[in-house]
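Trainee: Please see the structure below; I have some questions.
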Amino acid sequence: MLSAPRRKLFAVLTAPATVVALLTGAHHAVGRTAASPAADSTTPAHAQVPQGRRVAAWSPSMTAGGPNFNDQTIRMVAHSTVEGGALRIHLSNLRGTIPLTVGDVTIGAQAGRATAVAGSLLPVTFAHRRSVAVPTGGEVVSDPVAMHVKADQSVLVSIYLPHATSSATWHSDAFDTSYLSGPGDHTAETSDASYIASRTSWYYLSGIDVVPTRARGTVVAFGDSITDGYNTPAGAYHRWPDDLARRLADTRPMAVVDAGIGGNRVLTDVPNIWQGVSAKKRFAHDALGQPGVRDVILLEGINDIGNNSGPGGAPLTTQDLIDGYRDLIRQAHAARVRIIGGTMLPDKGNGYYSDSAEAIRQAANRWIRTSGAFDGVVDFDKAVADPADPAALNPAYDSGDHIHPNEAGMQALANAVDPSQLT
């Protein structure tokens with residue numbers, strides 16, 4: 001898919017009880033339950049944390065290949081989809097190549113840009129310490145922080161990296177703004193005076209979970225750049241998972257995690273490492289490992305089709321894609337999580353489109369709708385297709401590249417989800 005001229009589908013990229021969860025680097029453990037995961041050497045850090053009533057308020061999927069830092073503070077915006085308290089911060093060195101030392105971490109309410117609300121900044125500790133070492137391939141979870149967030153609220157998380165890092169674990173396409181300081185630890189500063197540069201990625205910060213006020217579980221929106229929010233304005237929070245969280249807030253409040261990665265594929269890893277390992281490999285960690293996960297909504301496969309990327313370098317077939325979906329369904333059901341299949345969006349006019357590619361998309365969508373293999377279906381395709389030409393996006397929903405929806409299109413995707421299908 002041509003998301004931009006320089007590449008294809010960049011975006012289709014309180015009580016101080018402490019738990020520190022370490023990950024050995026494997027990311028495909030399955031077979032545990034969402035409520036009582038078994039902790040072993042291959043279990044994701046998310047799953048090793050006793051979840052209880054906790055839900056994942058915010059958690060981007062992380063990849064390899066980020067930049068290096070040295071004696072800098074990174075201040076990042078995280079946007080909670082649910083109301084709750086006793087926040088815990090997740091830091092990830094999952095895709096790192098050397099151990100990571102974090103010197104200090106704070107969290108506070110965002111006033112604007114990199115400025116925190118006066119008096120809101122709180123220290124974050126790990127096993128009662130302000131600093132923490134995250135091993136290569138590992139993740140850590142903080143002690144609970146005595147802070148309350150509302151749904152649709154942004155917070156600032158600042159992390160100080162005292163030593164030289166290498167190839168950060170990151171989420172490249174945040175569609176939000178992060179702020180970089182000059183030298184030194186500036187985590188405790190309310191103002192943004194020391195933050196001299198900005199980026200549109202998240203670094204090392206892989207999640208926030210809370211004890212929810214009302215929500216009873218987490219929904220994971222799992223996919224590629226369409227889910228990640230490509231071509232939506234930075235800091236607007238108008239990705240379809242954001243819109244879905246707002247839809248659910250009044251009638252069926254649930255936390256909604258956006259596990260989209262631009263360029264991601266179901267079956268094969270993407271050569272650009274910042275676009276992630278395959279859905280099959282990352283599903284257990286990024287979806288099934290989320291605190292409180294009950295449902296996954298899957299919208300992925302168009303990158304497999306557009307790149308004609310079958311297993312082992314062979315041309316893609318419809319059966320290949322169906323086999324990939326069946327693998328994700330098997331993983332979800334082994335973890336006692338419901339999985340809802342989303343039909344793939346039309347893309348006529350985009351560089352991904354061809355008659356043969358369209359035939360696979362149509363056949364795979366037909367299987368999603370009619371096979372009964374998923375626990376439910378969301379017909380995203382129908383929701384945003386052009387009534388005059390169903391192979392193309394409705395012009396009212398087209399961001400301009402004929403594959404990624406605009407803000408109105410994102411809302412249409414969220415509106416297509418039937419809340420009664422969610423646990």
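The values are calculated or read from the model by the stated rules, or taken from the named source; none is laboratory data. Small disclaimer: the values here were computed from a predicted structure and weren't measured. Counting neighbours? That spans all protein chains shown, and the Cβs are built from the backbone with ideal geometry, glycine included.
Trainee: Checking the condition under 22 Å from Val266 (Cβ atoms) and touching a Phe, Trp or Tyr at 6+ places or on another chain (Cβ under 7 Å), which residue from Asp347, Asp323, Asp355 passes? It would help to see each step written out before you state the result.
Mentor: Working: Asp323 fails: touching a Phe, Trp or Tyr at 6+ places or on another chain (Cβ under 7 Å); Asp355 fails: touching a Phe, Trp or Tyr at 6+ places or on another chain (Cβ under 7 Å).
None of the other options fit; the residue is Asp347.
Trainee: Give the range 154-184 a look and list any residue that's part of a strand (DSSP E or B) and among the β-branched types (Val, Ile, Thr), or say none.
Mentor: Val155, Val157, Ile159
Trainee: In addition: Select from the range 44-86 the residues that are outside any loop (DSSP other than H, G, I, E, B) and at pLDDT below 95 and write down the one among them that is farthest from the chain's Cα centre (by Cα).
Mentor: Our first condition is that a residue be outside any loop (DSSP other than H, G, I, E, B); within the range 44-86, this holds for 45-48, 55-58, 63, 72-80, 84-86.
Checking which are at pLDDT below 95 leaves us with 45-48.
Details: Ala45: 15, His46: 13, Ala47: 16, Gln48: 19 Å.
Looking at residues that are outside any loop (DSSP other than H, G, I, E, B) and at pLDDT below 95, I get Gln48.
Trainee: Let me ask you something else. I want to confirm something. Restricting to the range 154-171 and keeping residues that are closer than 22 Å to Asp228 by Cα and of a type in the set (Val, Ile, Thr), which single residue is nearest to the chain's Cα centre (by Cα)?
Mentor: First, the residues of the range 154-171 that are closer than 22 Å to Asp228 by Cα: 154-157, 167-171.
Still in the running and of a type in the set (Val, Ile, Thr): 155, 157, 169.
Details: Val155: 17, Val157: 17, Thr169: 13 Å.
Among them, the one singled out is Thr169.
Trainee: Could you please find all residues in the range 209-229 being assigned to a loop (DSSP other than H, G, I, E, B) and within 13 Å of the chain's Cα centre (by Cα)? Spell out how you get there, then give the answer.
Mentor: Initial filter on the range 209-229 (assigned to a loop (DSSP other than H, G, I, E, B)): 213-217, 224, 229.
Residues satisfying the conditions are Asp224, Gly229.
Trainee: If I filter the range 241-256 for residues that are in contact with a Lys or Arg (Cβ under 6 Å, 6 or more places away or on another chain) and not hydroxyl-bearing (Ser, Thr, Tyr), do I get at least one hit?
Mentor: The first filter runs over the range 241-256 and keeps only residues in contact with a Lys or Arg (Cβ under 6 Å, 6 or more places away or on another chain), leaving 253.
The next check asks that each one be not hydroxyl-bearing (Ser, Thr, Tyr); those that pass are 253.
Checked the range 241-256: at least one residue is in contact with a Lys or Arg (Cβ under 6 Å, 6 or more places away or on another chain) and not hydroxyl-bearing (Ser, Thr, Tyr).
Trainee: In the set Asp104, Asp40, which member is surrounded by fewer than 23 Cβ atoms within 10 Å (Cβ to Cβ), at pLDDT 95 or above and of a type in the set (Asp, Glu)? Break it down into steps so the answer makes sense when it comes.
Mentor: On the way: Asp40 fails: at pLDDT 95 or above.
So the residue among Asp104, Asp40 that is surrounded by fewer than 23 Cβ atoms within 10 Å (Cβ to Cβ), at pLDDT 95 or above and of a type in the set (Asp, Glu) is Asp104.
Trainee: Within the range 118-126, is even one residue crowded, with 21+ Cβ neighbours inside 10 Å, of a type in the set (Gly, Ala, Ser), assigned to a loop (DSSP other than H, G, I, E, B) and modelled with pLDDT of 95 or more?
Mentor: Our first condition is that a residue be crowded, with 21+ Cβ neighbours inside 10 Å; within the range 118-126, this holds for 124, 126.
Right, trim to of a type in the set (Gly, Ala, Ser) and you get none.
The answer is no; no qualifying residue exists.
Trainee: Of all residues being part of a loop (DSSP other than H, G, I, E, B) and hydroxyl-bearing (Ser, Thr, Tyr) in the range 185-195, which is nearest to Val134 (Cα to Cα)? Just the residue, please.
Mentor: We begin by selecting, within the range 185-195, every residue part of a loop (DSSP other than H, G, I, E, B); these are 185-194.
Checking which are hydroxyl-bearing (Ser, Thr, Tyr) leaves us with 187, 190-191, 194.
Working: Thr187: 19, Thr190: 26, Ser191: 28, Ser194: 26 Å.
Here the answer is Thr187.
Trainee: So which pairs qualify, if the first residue must be in the range 292-320 and surrounded by fewer than 24 Cβ atoms within 10 Å (Cβ to Cβ), the second must be in a strand (DSSP E or B) and modelled with pLDDT under 95, the Cβ gap must be under 8 Å, and the two must be at least 6 apart or on different chains?
Mentor: Partner pairs satisfying both residue conditions: Asn307/Lys8.
Trainee: Report yes if Gln411 is surrounded by 15 or more Cβ atoms within 10 Å (Cβ to Cβ), within 20 Å of the chain's Cα centre (by Cα), closer than 19 Å to Asp242 by Cα and polar (S, T, N, Q), otherwise no.
Mentor: On the way: surrounded by 15 or more Cβ atoms within 10 Å (Cβ to Cβ): yes; within 20 Å of the chain's Cα centre (by Cα): yes; closer than 19 Å to Asp242 by Cα: yes; polar (S, T, N, Q): yes.
Yes: the conditions hold for Gln411.
Residues checked against (1) at pLDDT 95 or above; (2) in contact with a strand residue (DSSP E or B) (Cβ under 8 Å, 6 or more places away or on another chain); (3) of a type outside the set (Phe, Trp, Tyr); (4) not in a helix (DSSP H, G or I):
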site: Ala197; (1), (2), (3), (4): yes, yes, yes, yes
site: Gly207; (1), (2), (3), (4): yes, yes, yes, yes
site: Asp250; (1), (2), (3), (4): no, no, yes, no
site: Asp258; (1), (2), (3), (4): yes, yes, yes, yes
site: Lys281; (1), (2), (3), (4): yes, no, yes, no
site: Ala287; (1), (2), (3), (4): yes, yes, yes, no
site: Ile297; (1), (2), (3), (4): yes, yes, yes, yes
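Trainee: OK, next. Could you please find all residues in the range 134-153 being among the hydrophobic types (A, V, I, L, M, F, W, C), in a strand (DSSP E or B) and within 22 Å of the chain's Cα centre (by Cα)?
Mentor: Of the range 134-153, the ones among the hydrophobic types (A, V, I, L, M, F, W, C) are 134, 140-141, 145-147, 149, 151.
With the extra rule that they be in a strand (DSSP E or B), the set shrinks to 134, 140-141, 145-147, 149.
If the condition is that a residue be among the hydrophobic types (A, V, I, L, M, F, W, C), in a strand (DSSP E or B) and within 22 Å of the chain's Cα centre (by Cα), then Val134, Val140, Val141, Val149 are the ones that fit.
Trainee: If you don't mind, another one. Give the residue that is farthest from Tyr325 (Cα to Cα), with candidates limited to residues of the range 342-368 that are buried (at least 16 other Cβ atoms within 10 Å of the Cβ) and among the charged types (D, E, K, R).
Mentor: It comes out as Lys348.
Trainee: Select from the range 149-186 the residues that are buried (at least 17 other Cβ atoms within 10 Å of the Cβ), small (Gly, Ala, Ser) and over 23 Å from Val117 (Cβ atoms) and list them in ascending order.
Mentor: Result: Ala168, Ser172.
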